[in-house]
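Heads up: the structure comes next, in C-alpha cells.
The values are calculated or read from the model by the stated rules, or taken from the named source; none is laboratory data. These numbers come from a predicted model, not from an experiment. Heads up, the Cβs are rebuilt from the backbone with ideal geometry, glycines too, and the neighbour counts pull from every protein chain shown. To get the accessible areas, we keep the full protein, side chains included, count just its heavy atoms, and leave off ligands, DNA and RNA. Shrake-Rupley method; radii C 1.70, N 1.55, O 1.52, S 1.80 Å.
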Amino acid sequence: MPWAGTAGVFDTSTSFPIPSSSQERFLFRTIMPSEKIALTQTVQKGGCAAKVAATELRRILQQVGFPAAHPALMVDGRYFDDAAIYRVNEETALVQTLDFFTPIVDTPKLFGEIAAANALSDVYAMGGRPVTAMGILAFPLAALPEQVIVDVLQGASDKIAEAGANFVGGHSIDDDTLKFGLSVTGFVNPRQVWTNAGARPGDHLILTKALGTGTMTAAVKRQQLREEDIIEALDSMTAINNAIDCMSPDLQASIHAATDITGFGFSGHAMQLANASDVTLCIETGNLPRFDKTFHCLENGCLTKAHRTNAEYTTPHIDDSTLDALHKLLIHDPQTSGGLLLSVAPETSQTMLQALHTRFPSAVIVGTVHPHQDKAVQFA
Ligand SMILES: Nc1ncnc2c1ncn2[C@@H]1O[C@H](COP(=O)(O)OP(=O)(O)OP(=O)(O)O)[C@@H](O)[C@H]1O
Ligand SMILES: [Mg+2]
C-alpha cells in the first residue's frame, strides 16, 4: 500500500510531535523513546528544500564587501560553484565546503547519513576527495532525548568513514530546532579541478542519480508516505557521490565540468553550470531519471516552497515551453544529496556510463552541450 496515511492525520503508532509547552517538553524528553520521535514533525521544512532561495542568496551576497581574493584562490564564493579551491602547491589544492539543514527524514541515524553524504558531495563535485569533516549541530536539548543526537552523529560518522575521511570534531549549540551538517575539507590536483565553468560544446551530459527526493520527502513530512515507502530515495540520498573512484585517470580527465544537483533543483544547477561555462545545455527531458513514486507525489501536490522559488530563479533563463506540467515540476524539484551532473567529452561518455553504473545504477546521458544560445538550458 503506497499511501500509508492521510495528510494532516497524525499516526501515533509510529511517531509523536514535539509538544510546545516547556513542561510537556520535559516530560516528553524523559519518557519518549528516541525511535518513536518523527524528526520531520519537529521542523517546518527539511533538507536542501530549506536552502535560502538562490535569487535572495545572490542579492544578499552582492551587498557584502568580501576581501580581495588571494592569488592562490582558484574558486571562491563569487563563482557560485560547489566548493572553494585554494592552491597549496603544484600538486595539491584544498577543497572546502559546508552544508547543514533541518531533518528531512524521521529516523535520526538516517538523517545523519543523508546530511553527511550531502555535505561530502560538494568535494566530489569539484573532482576532489574528502579528508576531514567537522560536525555542525544545533539541538533542542530540552525537547529531544540525547539518543537522537548520538544516532545522528553515528550516521554521519559511518558515512565519513565510508568516504575514507576523518571525523575530526565540530561545534554544537542549544537551539529550538534540530539542524545538522558538516564542514568538509578535501584535496584535489589543481590541474584536475572539475569546476562548473568548463563545459564545452559537443560534450555529453550525464546525471548520476534519479530526481524526486524533494517531493517524496515532502510526502513523508505530510505523513502521506512513510520512510519504508521511499526506500529507493533513501538509498539514493545516503549514497556518497564518490564517482571519481569508479574512473580511470583518462576518464577523470575527460570530465570538463561538474556540479551536484541539490536544493536549486535540476533546472537551477544546470542553469548555473551553463552560465558559468557560457554554453547552452540541451536536455532530453524524457531521459531525466526519476524514482518510481516521483510523479505520484508531484501529482498529489507534495510540493515545497523551493519548487516555486526554483521556478522563479530559472524561468527567465530556460526554455521549458514544450514540457507538460509534471515535467515542469520535476525539473524544479529540490534535491537533497542529489546526483552529479557531469559534462563529458563525447568520445568517452559510453565508457564513463559503464564505469559509473558500478556505483550509480541510475546514471544516464540526459543531454548535450551547445554553443551559447538565447537560453541557458533548453528542455526538449
Ligand atoms: N552564508 C554564506 N556566506 C558566504 N557565502 C555563502 C553563504 N551561503 C552560501 N554562500 C555561497 O553561495 C554559493 C551558493 O551556495 P550553495 O549553498 O547553493 O552552493 P552549494 O554548496 O553548491 O550548494 P549545495 O551544498 O546544496 O550543493 C556558494 O558559492 C556558497 O559558498
Ligand atoms: Mg553543490
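Here are some notes:
- Counting only helices (runs of 4 or more DSSP H) that fall entirely inside the range 274-380 and contain at least 1 residues that are at pLDDT below 95, the qualifying elements are 305-314.
- Residues being in a strand (DSSP E or B) and either without any contact (Cβ under 8 Å) to a residue 40 or more places away in the chain or among the β-branched types (Val, Ile, Thr) (or both) - total across the range 65-82: 2
- The residues of the range 210-232 that are at negative phi and either of a type in the set (Lys, Arg) or open to solvent by 20 Å² or more (accessible area, probe 1.4 Å) (or both), listed by number, are LYS221, ARG222, GLN224, ARG226, GLU227, GLU228, ASP229, ILE231, GLU232.
- Across the range 79-88, a minimum of one residue is classified as at pLDDT below 95 and either in contact with a Leu (Cβ under 7 Å, 6 or more places away or on another chain) or more than 28 Å from SER157 (Cβ to Cβ) (or both).
- Residues located in the range 45-92, provided they are within 30 Å of ARG191 (Cα to Cα), touching a strand residue (DSSP E or B) at 6+ places or on another chain (Cβ under 8 Å), open to solvent by less than 80 Å² (accessible area, probe 1.4 Å) and of a type in the set (A, V, I, L, M): ALA72, LEU73, MET74, VAL75, ALA83, ALA84, ILE85
Yes/no per residue for (1) open to solvent by 30 Å² or more (accessible area, probe 1.4 Å); (2) touching a helix residue (DSSP H, G or I) at 6+ places or on another chain (Cβ under 7 Å); (3) under 13 Å from GLN378 (Cα atoms):
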position: ILE255; (1), (2), (3): no, no, no
position: SER267; (1), (2), (3): no, yes, yes
position: GLN272; (1), (2), (3): no, no, no
position: GLU312; (1), (2), (3): yes, yes, no
position: PRO316; (1), (2), (3): yes, no, yes
position: ILE331; (1), (2), (3): no, yes, yes
position: LEU342; (1), (2), (3): no, no, no
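- Of the strands (runs of 3 or more DSSP E) that lie entirely inside the range 93-205, those containing 2 or more residues that are open to solvent by 10 Å² or more (accessible area, probe 1.4 Å) and away from ligand 2 (no atom under 16 Å from the Cβ) span 129-139, 166-174, 179-188.
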